[in-house]
1. Give segment 362-378 a look and list any residue that's open to solvent by less than 20 Å² (accessible area, probe 1.4 Å), closer than 14 Å to I420 by Cα and touching a helix residue (DSSP H, G or I) at 6+ places or on another chain (Cβ under 9 Å), or say none.
2. Check segment 415-437 and report whether any residue there is at positive phi, crowded, with 23+ Cβ neighbours inside 10 Å and either without any contact (Cβ under 8 Å) to a residue 60 or more places away in the chain or touching a helix residue (DSSP H, G or I) at 6+ places or on another chain (Cβ under 6 Å) (or both).
3. Does G563 meet the test of being on the phi > 0 side of the Ramachandran plot, surrounded by 17 or more Cβ atoms within 10 Å (Cβ to Cβ) and in contact with a Pro (Cβ under 9 Å, 6 or more places away or on another chain)?
4. If you scan segment 1-44, which residues turn out to be at pLDDT below 95 and within 23 Å of S82 (Cβ to Cβ)?
5. Return the only residue of N49, N70 being farther than 30 Å from D205 by Cβ and open to solvent by 30 Å² or more (accessible area, probe 1.4 Å).
6. I'd like to check something: does segment 344-353 contain any residue that is surrounded by 16 or more Cβ atoms within 10 Å (Cβ to Cβ), on the phi < 0 side of the Ramachandran plot and under 30 Å from the mean Cα position of the chain (by Cα)?
7. Can you tell me which of K497, K410, K402 is open to solvent by 10 Å² or more (accessible area, probe 1.4 Å) and among the charged types (D, E, K, R)?
8. Can you tell me which residues in segment 134-152 are loosely packed, with under 15 Cβ neighbours inside 10 Å and either free of Cβ contacts under 8 Å to residues at least 12 places away in the same chain or under 23 Å from the mean Cα position of the chain (by Cα) (or both)?
Amino acid sequence: MNLKYLLIVFLLNSLAGHTQSVVNSPDENLKVAVILKNGKPNYTITYNNTVMLQNSPLGITTNEGDFTKNMSFITDSTGTVSKSYKSDKIKQSLVNYEANTLKITFENSDKKQINVVFQVSNNDVAFRYEIPVWDKTMACVVEKEATGFKFPSETTTFLSPMMESMGGFARTAPSYESSYTADVPMESNNSKTGYVFPGLFRVGDNGWVLVSETGVSSQYCASHLSNYTNGIYTIDHPDMKNNNGFGSTGAQIGLPGVTPWRTITVGETLKPIVETTIPYSVVDPLYEASQDYKYGKGTWSWIVWQDNSMNYDDQVKYIDLAAAMNFEYILIDAWWDKNIGYESIEALIKYAKSKGVEVFLWYNSNGGINDAFMTPKDKMNTSIARKKEMKWLKKVGVKGLKVDFFGGDKQETMRLYEDILSDANEYGLMIIFHGATLPRGWERMYPNFVGSEAVIASEMLIFTQDARNKEAFYAALHPFIRNSVASMEYGGVLLNKFLNKENEKGQERLTSNVFQLATSVLYQNPVQMFGLTPNNLEDVPQHELEFLKNVPTTWDETVFIDGYPGKYIVLARRKGDTWYIAGINAHDETLSIEVKLPMIKAGEKMKIYEDGKKSSDKGFETKKMKKNQKIKLNIPHNGGVLIMN
């Protein structure tokens, strides 16, 4: 084993009373040290010899024993992980993952052992707890987790508070749809409910840290960050009030068993934060795809035309819109069963197929967890009802479901997510979750999973002035935070000037058309339901419609170009040989920057869609890349830019 690339150091210091083990990343820039001092395990993280996380606690508490104190070091072992995998649903289609590993065994005062396993790749740390069989004990409940994150005092935060359980519309919270604060001191992070994953931290001028979790399945609950207490954030299990108070806040697991992975992405710049694939690299598929699923773009009437559009004639208009745009799908939302009916839906599906358009249908997950009343209801919450419905869905040719209104993060709800996904795969159905938790590695774990909302999405642009005012602010956050760790089903690209059916007054959109087009590239999700309306075929410039007809929804490569969370972002994505570079500006004034685009060779032609400039009759300018591969951009407030080569 080459110690230059994999270093584990045992230091037994009887005077200080501690044991230390160290593991480095393959490039040796990232270092994790695990210290047992006075019976308490802690870890630190440094990057290029700069402390990014100070002594932070490790350990869990189970109903069979406490593994947070009075611990003894038993042994450790080292190794490497090397794997390559393909995925057509995330920000990069081919991932090569190389990591050094450290496995430490601790023992508590009851002589029960537990392992802490670290995988350290360049810019990423992932760790979890492995619980062995204890004598004849083959099961336990993990009641809480001591894992913490202690940042240097100069750190500022970019966080979104966890919503109050059983609050919001029809008592459907938490649904990961709360606002963000940006670049604020840690001392202001006093939300009683804690903060959702992922959380972004700026460690002064030294760099950035993104904290999240991955690998959550039916075998565990989902977690979140606590509020800032005594200089530290810890892992919090779900609130007892989740799921209408039903189900444990802990995790019931068989032994041997494991916890989900805690992931920490570290960089001196934001590039590793935006480009990380760690949520997928430490998990594996849980079952095989029953078929090759087809991703793409779709239309949906509900986002702008709302509930009144759930009728046969309006859905025909949206099917025709999808066909005219060469989109693959239409999403028919809530109330279709009541207002259209099962028999007429079958006729609509046949009509859509005749136009080359496939169908997603909306379902309410509720059967006893909240007050969500939209129908179809009571079809997804039990195995018997679900399989009966899915048998019919397969028979009539539906390709996917959008399932809404989940109950929180308890293990009880994680089982429901997994049951829906697993059953749907048997019937060849893709799944989008709405009113839902953050997906945690699910793109790789579940082959038919194609996105979750878990964000202040396009519907809030319809409902609130605050969301419209902050649209650019949020758009400049998502590539660094929410969309950095998981697909994000936003339902955007709204090209009506007013976000209602009449498109004449009220609910005025404050962002430009180029901004909206840019979000089709910025927001990554393998199935994108865009907020176009039939009138857009006549009132939107043809070059903008042509762009949407051709823009991909799956990508081969993602490259961060420039930006700052909440202020602006310039991001490049590649599909095949074509690069799409998208930028938006949330500053109050025009943003003038010069960026380097190394993916476009000197002399190559570029199409540039830019606000505030007179373009040719084609709607875009054509330029050749300079020798230095730099280009000057002027992006107005709430505006955007798009570059294609």
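1. Within segment 362-378, W362, Y363, S365, N366 qualify.
2. Taking every residue of segment 415-437 in turn, none turns out to be at positive phi, crowded, with 23+ Cβ neighbours inside 10 Å and either without any contact (Cβ under 8 Å) to a residue 60 or more places away in the chain or touching a helix residue (DSSP H, G or I) at 6+ places or on another chain (Cβ under 6 Å) (or both).
3. Spelling it out, G563 is indeed on the phi > 0 side of the Ramachandran plot, surrounded by 17 or more Cβ atoms within 10 Å (Cβ to Cβ) and in contact with a Pro (Cβ under 9 Å, 6 or more places away or on another chain).
4. Correct list: M1, N2, L3, K4, Y5, L6, L7, I8, V9.
5. After applying the criteria, what remains is N70.
6. For segment 344-353, residues surrounded by 16 or more Cβ atoms within 10 Å (Cβ to Cβ), on the phi < 0 side of the Ramachandran plot and under 30 Å from the mean Cα position of the chain (by Cα): absent.
7. Numbers: K410 fails: open to solvent by 10 Å² or more (accessible area, probe 1.4 Å); K402 fails: open to solvent by 10 Å² or more (accessible area, probe 1.4 Å).
Answer to the selection: K497.
8. D135, K136, listed by residue number.
The values are calculated or read from the model by the stated rules, or taken from the named source; none is laboratory data. What you see is a predicted model; the values in this text were computed from it and never measured. For neighbour counting, all protein chains shown are included, and Cβ atoms are generated from backbone atoms with ideal geometry for every residue, glycine included. For accessibility, only protein heavy atoms count, side chains too; no ligands or nucleic acids. Shrake-Rupley method; radii C 1.70, N 1.55, O 1.52, S 1.80 Å.
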